[in-house]
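Below is one structure. I have some questions about it.
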Amino acid sequence: MKRTTWGFLAVFLATTPAISYFKYERQIVAASASGQHYVVVDETVWQHALPNLDDLRLYAAGKEIPCARRTMRGTKETEQKTVRVLQPGTVGGKTQFLLDMLGVFEYDRITLTLSNKNYVAHARIEGQDDPHGPQWANLGTTTLFDLSDERLGHNSTLQIPVSTYKYLRVTVDGLVKPSDVQSATAGIERAQEAVWRTLGSEPKQSQEDKDTVLTFAVPENVPVERVMFAVDPAQGNFQREMEMQSGKGLTNKAGEISRIHMQRNGGKIDVDQTWLTLSATTDGQLRAIIHNGDDAPLRITRARLQQYERRIYFDSDAGASLGLYYGDQELEAPVYDYSKLFQSDVNAQQVQISAEEANSSYTGRPDERPWSERHPEVLWGAILAAVAILGGIAVRSIKTATS
């Protein structure tokens, strides 16, 4: 029983935080008002903390302060439901059909499944609760297109103001026939914007054969979640494949960037996606490789790496002095009621943190290894001495027996 108790005590001590166990500290600038505050994790913290930030702790006057870590990814909730396509036909030379929206409480987008390719068309959307009513509310116009042959993408989503009409009437001109309309789904998107941090400085840009290569220098262990490009507006439409590689040449993510601005059949098409999302932890370098094929290289005027902002929320009084500590490799993630029940305050105030310093109180964790593991030289000396003694006894025994 006593041995079990000591074992539990050793495990408890091995996972309990103490200021003297942390290698690094940073002072938090005192807040001007009481309430909820937060600090933002920067590249310096990533280099010396655990990869998952589990060893981050806040202290005030030697007392651990509960906090909540949050990654500002933003939220995007879209629930799509299938809606019935009714009465597809031709009216005045245009394709027209109804959408039965009775199963959808509210919606702001309708995605059509169309069977045709290589077209540009305009869709007018109207709303009404009575499918036979004479007055229909105009909800706007969307350009539908499919440019497969030109490898410039497609769009078959109708975007409208948030609506609750029981029926929608869609009128499409161009090359979309009634038989092309196969199905439809509808829903609403509720989004909270992500918060991004820009990392490092501008990359070095070079040409390698037909590829444009941008080399970013980023501190090790820093997570990267997006690369963004600014391309000279004077450059025309483009769609280029690209990939992100580590400094060791390993591909982390592949995709494409594109910009399409054109008029087709009286309609305007605007697509601008000059970024690529990824999930990478740097080894000190990241390379963006844009494959230009036989086209002229993109004229990139700016490029930057970004990550989701990581925040540490906490409550404190005005003028309170707190410290952020990290650099304990043995520590596990904290479990606070504050984090379990946390709700962010829209008025939460960001506070700054000072430059990193070595923790002047650092001693490191006590060595919990057995005595024999902590002093192997003594153990091996004892073993060698025992072997020598036994060898001497054996030699003496042999001489005695021979005499």
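What follows draws every value from the coordinates through simple rules; no lab data is involved. Model, not experiment: these values are computed from the prediction. Positions of Cβ are backbone-derived with ideal geometry, glycine not excepted, and every protein chain shown enters the neighbour counts.
Relative contact order of the chain: what whole-number percent is it, with Cα pairs under 8 angstrom and at least 6 residues apart?
Reported relative contact order: 30 percent.
Could you work out how much longer the chain between residue 348 and residue 296 gets when fully extended? Use 0.36 nm per residue separation minus the Cα distance between them, nm to one decimal.
13.9 nm
What fraction of the DSSP beta bridges in the range 85-166 is antiparallel, stated in percent and rounded to the nearest 5?
100 percent
I would also like to ask the following. Longer than 31 Å from Cα to Cα, which of 81/340; 23/204; 210/253; 76/166 are they? Say none if no pair is.
Long pairs (Cα-Cα over 31 Å): 81/340; 23/204.
Still on this structure, please answer the following. Only helical DSSP H runs with n ≥ 4 go in: add -39500 (n - 2.57) per run for the chain, normalise by residue count and round the 222 nm mean residue ellipticity to 500 deg cm²/dmol.
Helix-only estimate at 222 nm: -4000 deg cm²/dmol.
Let me ask something else about it. Please give every one of the lysines within straight-line cross-link reach of residue 268, meaning a C-alpha to C-alpha distance under 25 Å, and leave out same-chain neighbours fewer than 8 residues apart.
Qualifying lysines at Cα under 25 Å: 94, 117, 177.
What is the distance in Å between the Cα centroid of the range 178-216 and that of the range 339-366?
33 Å
On full extension of the chain, what length is gained from residue 192 through residue 138, given 0.36 nm per residue of separation minus the C-alpha to C-alpha distance?
Result: 16.6 nm gained on full extension.
I would also like to ask the following. Measuring from centroid to centroid over Cα atoms, what is the spacing of the range 274-326 and the range 92-153 in Å?
38 Å
Hand me the trypsin sites (Lys or Arg not before Pro) from the range 225-260 located in a DSSP loop with no more than 12 other Cβ atoms within 10 Å, in residue order please.
Counting only loop positions with at most 12 other Cβ atoms within 10 Å, the trypsin sites (Lys or Arg not before Pro) in the range 225-260 are 248.
Can you give me the relative contact order of the range 153-283 as a percent, contacts being Cα pairs under 8 Å and 6 or more apart?
21 percent
Also: Residue separation times 0.36 nm, minus the C-alpha to C-alpha distance between residue 237 and residue 397: what's the value?
48.0 nm
What's the magnitude of the charge dipole for the chain around its Cα centre, counting Lys and Arg as +1 and Asp and Glu as -1 at the beta-carbon? Answer in Debye, nearest 20.
700 debye
Related question: Suppose R0 equals 25 Å; then what is the FRET efficiency for residue 283 and residue 40 from their Cβ-Cβ distance, rounded to the nearest 0.05?
0.60
If every alpha-carbon in the chain counts as one equal scatterer, what log10 I(q)/I(0) does Debye give at q = 0.08, 0.10, 0.14, 0.15 1/Å?
-0.71, -0.93, -1.21, -1.27
Of 38, 123, 133, which is farthest on the positive side of the dipole of the chain, counting Cα position, with +1 on Lys and Arg Cβ, -1 on Asp and Glu Cβ, and the Cα centre as origin?
Positive-most Cα among the choices belongs to 38.
Given axes a ≥ b ≥ c from the Cα gyration tensor, I'd like to know whether the range 22-130 is rounded (a/c under 1.5), prolate (a/b larger than b/c) or oblate.
Because a/c hits 1.5 or more and a/b exceeds b/c, the range 22-130 counts as prolate.
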